[in-house]
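*Asks:* Please see the structure below; I have some questions.
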Amino acid sequence: MLSGARGRLASALRASGVGRRCLRATGSRLSADRSEQPPSAFDPALLEFLVCPLSKKPLRYEASTNELINEELGIAYPIIDGIPNMIPQAARMTHQDKKQEEPEQH
């Protein structure tokens, strides 16, 4: 079971070009694909493997803001050059506490 998931993750990462960008960023040489390509967009297939580091729940990709959204906690993780920044300190709040938004009912 784990090996199947690992294989799907590896193929999703290859398809998104994450490995090539990481090699370029570290200054390593590429023996195969030497062409310079612009950074690709986030691959939504990675959502099968990514979860919120705080709640461990699935995330939703929002293309208009290029973020991964956790609706339950109301936070959004930025995606930079196709790579999600899953560090909680980098996330932004998407809405205020519901208690502040809703008027009290007596």
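*Asks:* Fully extended, how many nm does the chain gain between Ile80 and Arg92 (0.36 nm per residue separation, minus their Cα-Cα distance)?
*Replies:* Result: 2.9 nm gained on full extension.
*Asks:* Below 12 angstrom from the Cβ of Lys57, what's the summed charge of the other residues (Lys, Arg +1; Asp, Glu -1)? Write out the running numbers ahead of the final one.
*Replies:* Numbers: positive: Lys56, Arg60; negative: Glu71, Glu72.
Residues close to Lys57 contribute a combined charge of 0.
*Asks:* From largest accessible area down, sort Ile87, Ile69; use a 1.4 Å probe on the protein chains. Walk me through the intermediate numbers first.
*Replies:* Values: Ile87 95, Ile69 15 Å².
Per-residue accessible area, sorted high to low, gives Ile87, Ile69.
*Asks:* On to the next question. Which value in nm describes the separation of the simple spin-label points at Leu73 and Ala45, placed 7 Å from the Cα toward the beta carbon?
*Replies:* Rounded to a tenth, the inter-label distance reads 2.7 nm.
The values are calculated or read from the model by the stated rules, or taken from the named source; none is laboratory data. Quick caveat: nothing in here was measured; it's all calculated off a predicted structure. Quick reminder, even Gly has a Cβ in these numbers, built from the backbone with ideal geometry, and neighbours come from all protein chains shown. Side chains included, ligands, DNA and RNA excluded: accessible areas come from the protein's heavy atoms. Shrake-Rupley method; radii C 1.70, N 1.55, O 1.52, S 1.80 Å.
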